[in-house]
Amino acid sequence: MKSCLIVDDSRVVRKVAGRIIHDLQFEVREAGDGAEAMALCREKMPDAILLDWNMPVMNGLDFLRALRREDGGSKPIVVFCSTENDAEHIGEAMRSGANEFIMKPFDADIIHSKFAEVGLV
Amino acid sequence: MDETTFQDVAELALNGSGQLIPPSKSYLIEARLAPILRREGLAEVSDLMGVIKARPASKLGTEAVAALTSKTTGFFTGRETLTRIVDHVLPMMAPTAADNTLRVWCAGGAAGQEACSLAILLEESDNEALEDVRVEILSTDISEAMTSAARAGQFGHFDVQKGLSIHRLLKHFSRLDTGDWQISPKLAGRIAVRTHNLLKDASGLGEFDVILCRNVISGMARPMRSRVLLNIARQLSDGGVLFLGEGETADGLVDGLKASRDVRGAFARDVERSALTAAA
């Protein structure tokens, strides 16, 4: 079974996304900020990461840049998931190593479609 | 909705577009007609049917048929077929293209998602065979609401996130202040849009080398499916091919329209245009 780490400071978003991604046959772990996510990645790199932008402690962009410098940190497919959805922000996320980008709000079809785009499902 | 009203609506849809509305789908009727009811200040579907019956020539009947029939679709639906058309079928046809132009028709093309997807693939193609030919795409739909949307080339937040990668979205669309996304002038320049009912003669649209009519005929009554396919097949150029949706077939519906020998999964005329007839 593939694994997905959901990183978002909103418990509600983690729960909603978690259920959708679980239904796509992923083992799901959750983190509330970038630092927590980094600790979980060091334990075990997930196959996929759904990553929020604005979070306390360590934001999504800083986490992504740090992740890509980690041992094995180039492996996870990172799907950014943010309300910052103008072209500049999306471009910055992609240049920083994201594989796909979901603009919030999202639904199950969007997650499915985006995961398919990057070959996760 | 009472039984009489359901029958009236089903008959209107059948005659207007060939679409069969089974009783199990009656719940869809109210949802689809709601915008028209609201605009006309009518309370019930039966009121609308009363107005349409009293004024059979009015535009309202056509609009109701379109609302009942037209389906929305997504970007890159049936991706494999679209890729094959751009990577193999059009390049194969290119050397013999009349006036160096290949014409593609998305029949029942909703708000233009299928046409856009083809235009994106053409923009991205580096196939040498396509360098010296123009590929024109026509998207038609029965619904004027759909074709106006296709002409505007604007798509919502949820639409652009289904079937489109973020790379393609950023490359081929720009974000509007409303939060919608506008297709690039380059894509728009490849696509023409017309309102057209597939039950009607299509000779005014011209000839096409590739016709896509996917997931359109499956909901139709059999004689209407024949009629639609006949109208479409008459617009196929010599050597032109027709793609239907997955699980749809032209077999037994039009005499002279057969599985293509050159293109897997497609249909082609094997007689002169004038010899095509609806199968008995």
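The values are calculated or read from the model by the stated rules, or taken from the named source; none is laboratory data. The structure presented is a predicted model; accordingly, all values stated were derived computationally and were not measured. In this analysis, Cβ positions are derived from the backbone assuming ideal geometry, glycine residues included, and neighbour counts consider all displayed protein chains. For accessibility, only protein heavy atoms count, side chains too; no ligands or nucleic acids. Shrake-Rupley method; radii C 1.70, N 1.55, O 1.52, S 1.80 Å.
When A:Asp33, B:Asp251, A:Asp86 are compared by accessible surface with a 1.4 Å probe, the order from highest to lowest is B:Asp251, A:Asp86, A:Asp33.
Go ahead and run the numbers for FRET between B:Glu136 and B:Glu80, Cβ-Cβ distance against an R0 of 25 Å, rounding to 0.05. Calculated value: 0.60. Largest first and in whole Å, the equivalent-ellipsoid semi-axes of the range B:3-69 read 16, 13, 11, each the square root of five times a Cα gyration tensor eigenvalue.
Computed over protein heavy atoms with a 1.4 Å probe, the accessible surface of chain A works out to 45 Å² per residue. Here each label is just a point 7 Å from Cα along the line to Cβ, and for A:Thr83 and B:Thr4 those points are 5.3 nm apart.
Under the simplified labelling scheme, the B:Glu272-A:Arg11 pair shows an inter-label distance of 7.8 nm, with each label point 7 Å from Cα along Cα→Cβ. Could you identify which residue out of B:Val104, B:Val45, B:Val254 has the top mean-square fluctuation in a GNM of chain B using Cα springs shorter than 10 Å? Comparing B:Val104, B:Val45, B:Val254 in the GNM, the peak value goes to B:Val45. With N as its number of residues, the range A:54-119 has a Cα radius of gyration that, divided by 2.2 N^0.38 Å, comes to 1.11.
Per-residue shielding of B:166-174, expressed as the average number of other chain Cβ atoms within 10 Å of the residue Cβ, stands at 4. Here B:Ser46 and A:Asp107 are evaluated by their C-beta separation; at R0 = 35 Å the FRET efficiency comes out at 0.55.
For the range B:46-148, the per residue solvent-accessible surface stands at 43 Å², with DNA, RNA and ligands left out and a 1.4 Å probe.
Where Lys and Arg each count +1 and Asp and Glu each count -1, what net charge lies around B:Gln235 among other residues with Cβ under 9 Å from its Cβ? Computed value for this residue: +1.
Surface calculation, 1.4 Å probe, protein heavy atoms: A:Lys2 sits at approximately 80 Å² accessible. Treating each Cα of chain B as an identical point scatterer and summing with the Debye formula, the log10 of I(q)/I(0) at q = 0.14 Å⁻¹ comes to -1.03. Taking the Cα centre of the protein assembly as shown as origin and assigning +1 to Lys and Arg Cβ atoms and -1 to Asp and Glu Cβ atoms, the resulting dipole is close to 420 debye. Taking a sphere under 14 Å around the Cβ of B:Val254 and counting the other residues whose Cβ falls inside, with K and R at +1 and D and E at -1, yields a net charge of +2. Along its three principal directions, the equivalent ellipsoid of the protein assembly as shown from the Cα gyration tensor extends over semi-axes of 43, 28, 18 Å, largest first. Between the alpha-carbon centres of the range B:34-79 and the range B:112-162 there is a gap of 25 Å. Surface composition of the range B:79-278: carbon and sulfur atoms hold 46% of the protein heavy-atom accessible area at a 1.4 Å probe. A simple spin-label model places the labels of B:Ala57 and B:Arg38 3.2 nm from each other, with each point 7 Å out along Cα-to-Cβ. In the range A:79-121, burial by the other protein chains removes 50 Å² or more of 1.4 Å probe accessible surface, compared with the chain on its own, from A:Met103, A:Ile110, A:Lys114, A:Glu117. Convex hull of alpha carbon positions in the range A:2-117: directionally averaged projected area 6.2 nm².
The calculated FRET efficiency for the pair B:Ala145 and B:Ser218, based on their C-beta separation and a Förster distance of 25 Å, comes to about 0.70.
Let me know the shape class of the range B:132-266, please: from the alpha-carbon gyration tensor, a ≥ b ≥ c as square roots of the eigenvalues, rounded when a/c is under 1.5, otherwise prolate if a/b is greater than b/c, or oblate. It is prolate, given that a/c is not under 1.5 and a/b is the larger ratio.
Pairing chain B with chain A buries about 1400 Å² of accessible area. This figure sums both sides and uses a 1.4 Å probe. How about the range A:1-80: which GluC sites (Glu not before Pro) there are in a DSSP loop, with at most 16 other Cβ atoms within 10 Å of their Cβ? Listed in order of number, the matching sites are A:Glu70.
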